[in-house]
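S.K.: A single structure is presented below for examination.
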Amino acid sequence: MISEELQRIGSTTQDEEDRFEHQILVCKGTACISAHSEQVEDALKAELEHQGLHTQCRVKGVGCPGLCAAATLITVQPEGRLYKEVQPEDAAEIVASIKSKAVQRLSIPTNVPFFQRQRKLVLENSGVVDPEEINDYVARGGYNSLISALTEMSPAEVITEITKSGLRGRGGAGYLTGLKWSTVSKAGGAHKYVICNADEGDPGAFMDRSVMESDPHRIIEGMTIAAFAVGADQGYIYVRAEYPLAVKRLQAAIRQAGKLGVLGNSIAGTTFSFNIEVRLGAGAFVCGEETALMASIEGKRGTPRPRPPYPAEHGLWGYPTLLNNVETFANIPVIIREGSEAFAQIGTEKSKGTKVFALTGCVNNSGLIEVPMGITLREIIYDIGGGIPNDRPFKALQTGGPSGGCIPKEYLDTPIDYESLMQLGSIMGSGGMIVMDDTSCMVDVAKYFMKFSMLESCGKCIPCRVGTTQMHNLLDKISQGRATLDDLALLEELCEMVKRTSLCGLGQSAPNPVLSTLRFFRDEYLMHVVEKVCPAGVCKIHHEEVTHS
């Protein structure tokens, strides 16, 4: 029985770990690898041999613990010591201190709000398990949720459990996951597909990348449970080609899962079979839109198509298709394991569970965080994020990437949930969160995101293709101090036109950064237009006389 095999692997792996008095966990996520964590790992192993401690302590590569700005990060267990900015030359001192006092110059206290205020469900294994070893995942209960679903539940019962949990899609729109699964389940078709949307393209966003790099088996387990629930036999993970480490670890995890028998034909000795392939994106932001993503998988140019029909009924190659993003699938194993009621107790009435954010910009503690829905923006920025560097004034928080908006200081006590952010003209998005202080110009911020949308437009529909270009040109004109009030009025008119008439959600939401900054920072636009001044000193204002036609 596969359940007995998982138990045996888990026990054996735990026994192997228990042979050592200490473990040194080295982060091997992208941020830490770029800060030479692989050399740090090698140096630590060499020092353990040199100091004769290799039988008492072992070094293990793990995923991202979250505090990316402090790379390279290592943790010494069981003491729970966390070290930052570790270099290979620090290895001797760290190994020598294992049985004595911590190395203070490298230490990070773990009893601080950055760690204490988080609630980790999706990231519970990140920074703990070796992402390249399936046995490590199994030792922490990995694939038990899948086996429970396959052997103790019917597909309908799995869908009911996900529905009762209140989980909403973490890709941005916040559509109820259980409702989407139910629609696909009821659709007729000779084949059904499950797609994991890992085409994370928002500037400043790295949530999905980190989960794929740190805990790839969790995504596979979540997808396989979903496939069982809706009756799918083939899955695809559509990943950005710019994420080579994530691709490598996903492909290795798929091979390991197949070998263990938790993926492939007759999973766990049942009649259910499911396979997963990794497909690489070609770098187009628009392929994050589900219909464009499916076109890309089919070998076509990645452009959106009108809906309906929706993918749940007419998706990949015309068959019913379930699409969820990385974080959505990563929530599934914990819901099956802990139960829908436990998950639903976290968060707010309409936004259940936790949300992973990439916290970046003008904030002291930048990195990956997971917080319960309902936490306020102030708590994220000032407690978890540690406030603004040099105690500069907070100005705005940008959420949702190019489809999101900028939230001013008056709304710092707004709870994080789907509805609250939408009321402020922003969106939850996939989880990008950029903090800005008083040195940021909101006209320049809007121009930056509009330039991104303009360059990334697939060009299929005129409102997006032409409208984003014209909006960018107007924003550029405003930033140079050459615009008039008529230009400002035209900008607002274009925003509404593009929002109402673009073909896909990306085009429809492209004006959001402009609309939100006009709503909350109109005075800055007027200073650029009327007074020819950029209050933040960012824009290069041309003071030549403006002629009116």
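S.K.: From the set of residues in the stretch 110-127 that are among the β-branched types (Val, Ile, Thr) and either out of contact with any Leu (no Cβ under 7 Å at 6 or more places or on another chain) or modelled with pLDDT of 95 or more (or both), which is farthest from ILE332 (Cα to Cα)? Break it down stepwise before answering.
M.R.: Pass one, the stretch 110-127, residues among the β-branched types (Val, Ile, Thr): 110, 112, 122.
Add one more test, that the residue is either out of contact with any Leu (no Cβ under 7 Å at 6 or more places or on another chain) or modelled with pLDDT of 95 or more (or both), and what stays is 112, 122.
Numbers: VAL112: 29, VAL122: 9 Å.
Filtering first and then ranking leaves VAL112.
S.K.: How many residues are touching a Ser or Thr at 6+ places or on another chain (Cβ under 7 Å), surrounded by fewer than 24 Cβ atoms within 10 Å (Cβ to Cβ) and farther than 28 Å from SER457 by Cβ if we restrict to the stretch 195-250?
M.R.: Within the stretch 195-250, residues that are touching a Ser or Thr at 6+ places or on another chain (Cβ under 7 Å), surrounded by fewer than 24 Cβ atoms within 10 Å (Cβ to Cβ) and farther than 28 Å from SER457 by Cβ number 3.
S.K.: For the stretch 147-175, which positions are among the hydrophobic types (A, V, I, L, M, F, W, C) and modelled with pLDDT of 95 or more?
M.R.: Looking only at the stretch 147-175, we keep the residues that are among the hydrophobic types (A, V, I, L, M, F, W, C), and these are 147, 149-150, 153, 156, 158-159, 162, 167, 173.
Within the stretch 147-175, ILE147, ALA149, LEU150, MET153, ALA156, VAL158, ILE159, ILE162, LEU167 qualify.
S.K.: Checking the conditions here, which among ASP444, ASP437 is out of contact with any strand residue (DSSP E or B) (no Cβ under 8 Å at 6 or more places or on another chain), at pLDDT 95 or above and crowded, with 18+ Cβ neighbours inside 10 Å? Step through it out loud before you land on a result.
M.R.: Working: ASP437 fails: out of contact with any strand residue (DSSP E or B) (no Cβ under 8 Å at 6 or more places or on another chain).
Just one listed residue meets the conditions, ASP444.
S.K.: How about the stretch 39-69: which of its residues are among the aliphatic types (A, V, I, L, M) and without any contact (Cβ under 8 Å) to a residue 40 or more places away in the chain?
M.R.: Start the filter on the stretch 39-69 by keeping residues that are among the aliphatic types (A, V, I, L, M), which leaves 40, 43-44, 46, 48, 53, 59, 62, 67, 69.
Once the filter is applied, which keeps residues that are among the aliphatic types (A, V, I, L, M) and without any contact (Cβ under 8 Å) to a residue 40 or more places away in the chain, the stretch 39-69 yields only VAL59.
S.K.: Looking at SER340, is it more than 21 Å from LYS186 (Cα to Cα), over 22 Å from the mean Cα position of the chain (by Cα) and free of Cβ contacts under 8 Å to residues at least 24 places away in the same chain? Working first, answer last.
M.R.: Details: more than 21 Å from LYS186 (Cα to Cα): yes; over 22 Å from the mean Cα position of the chain (by Cα): yes; free of Cβ contacts under 8 Å to residues at least 24 places away in the same chain: no.
Answer is no for this residue.
S.K.: Now for a different question. Looking at ARG500, ARG519, which one is assigned to a helix (DSSP H, G or I) and within 26 Å of THR303 (Cα to Cα)?
M.R.: Details: ARG519 fails: within 26 Å of THR303 (Cα to Cα).
After ruling out the rest, the residue left standing is ARG500.
S.K.: Would you check if there is a residue in the stretch 459-467 being at positive phi and under 31 Å from the mean Cα position of the chain (by Cα)? Give the derivation first.
M.R.: Of all residues in the stretch 459-467, those at positive phi come to 459.
The next check asks that each one be under 31 Å from the mean Cα position of the chain (by Cα); those that pass are 459.
Yes.
Every residue, every condition in (1) aliphatic (A, V, I, L, M); (2) within 27 Å of SER366 (Cβ to Cβ); (3) touching a His at 6+ places or on another chain (Cβ under 9 Å), yes or no:
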| position | (1), (2), (3) |
| --- | --- |
| GLY127 | no, yes, no |
| ASN135 | no, no, no |
| ALA139 | yes, no, no |
| ASN144 | no, no, no |
| LEU150 | yes, no, no |
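S.K.: Still on this structure, please answer the following. What pairs come up if the first residue lies in the stretch 150-176 and is in contact (Cβ under 8 Å) with a residue 60 or more places away in the chain and part of a loop (DSSP other than H, G, I, E, B), the second is of a type in the set (Asp, Glu) and buried (at least 23 other Cβ atoms within 10 Å of the Cβ), and their beta carbons are under 6 Å apart, counting only those six or more places apart or on different chains?
M.R.: These pairs meet every condition: ARG170/GLU327.
S.K.: Please work out which residue is farthest from VAL529 (Cα to Cα), limiting yourself to the stretch 456-492 and to residues that are without any contact (Cβ under 8 Å) to a residue 40 or more places away in the chain and of a type in the set (D, E, K, R).
M.R.: Of everything passing the filter in the stretch 456-492, ARG465 is farthest from VAL529 (Cα to Cα).
S.K.: Let me ask you something else. Can you name the number of the only condition in (1) more than 23 Å from MET207 (Cα to Cα); (2) outside any loop (DSSP other than H, G, I, E, B); (3) among the hydroxyl-bearing types (Ser, Thr, Tyr) that THR55 fails?
M.R.: (2)
S.K.: To continue, here is another question. The conditions are (1) surrounded by 19 or more Cβ atoms within 10 Å (Cβ to Cβ); (2) closer than 26 Å to ALA344 by Cα, and PRO131 fails exactly one of them. Which is it?
M.R.: Single failed check for PRO131: (2).
S.K.: Sticking with this one: Which residue out of MET422, MET450 is in the same structural domain as TYR525 (by TED's automatic domain parsing) and among the aliphatic types (A, V, I, L, M)? Give the steps one after another, and end with the answer.
M.R.: Working: MET422 fails: in the same structural domain as TYR525 (by TED's automatic domain parsing).
Testing whether each residue is in the same structural domain as TYR525 (by TED's automatic domain parsing) and among the aliphatic types (A, V, I, L, M) leaves just MET450.
S.K.: Next up: For the stretch 131-149, name all the residues that are touching a Lys or Arg at 6+ places or on another chain (Cβ under 8 Å) and in a loop (DSSP other than H, G, I, E, B).
M.R.: Within the stretch 131-149, PRO131, GLU132, GLY141, GLY142 meet the criteria.
S.K.: Here's a follow-up. Which of the residues spanning the stretch 88-109 are modelled with pLDDT under 95 and exposed (fewer than 13 other Cβ atoms within 10 Å of the Cβ)?
M.R.: Passing the criteria: LYS99, SER100, LYS101, PRO109.
S.K.: Pairs please, first residue from the stretch 344-364 and over 20 Å from ASN325 (Cβ atoms) and of a type in the set (Ser, Thr, Tyr), second anywhere and at pLDDT below 95 and in a loop (DSSP other than H, G, I, E, B), Cβ atoms under 6 Å, 6+ apart in sequence or on different chains.
M.R.: THR348/ASP417
S.K.: I've got another one for you. Considering only helices (runs of 4 or more DSSP H) fully contained in the stretch 179-291, which possess at least 3 residues that are within 26 Å of GLY318 (Cα to Cα) and among the hydrophobic types (A, V, I, L, M, F, W, C)? Talk me through it step by step, then tell me what you get.
M.R.: On the way: elements: 207-214, 216-230, 244-260.
Output list reads 216-230.
The values are calculated or read from the model by the stated rules, or taken from the named source; none is laboratory data. These numbers were taken from a predicted model, which means no experiment stands behind them. Here the Cβ is made from the backbone with ideal geometry for all residues, glycine too, and neighbour counts use every protein chain on show.
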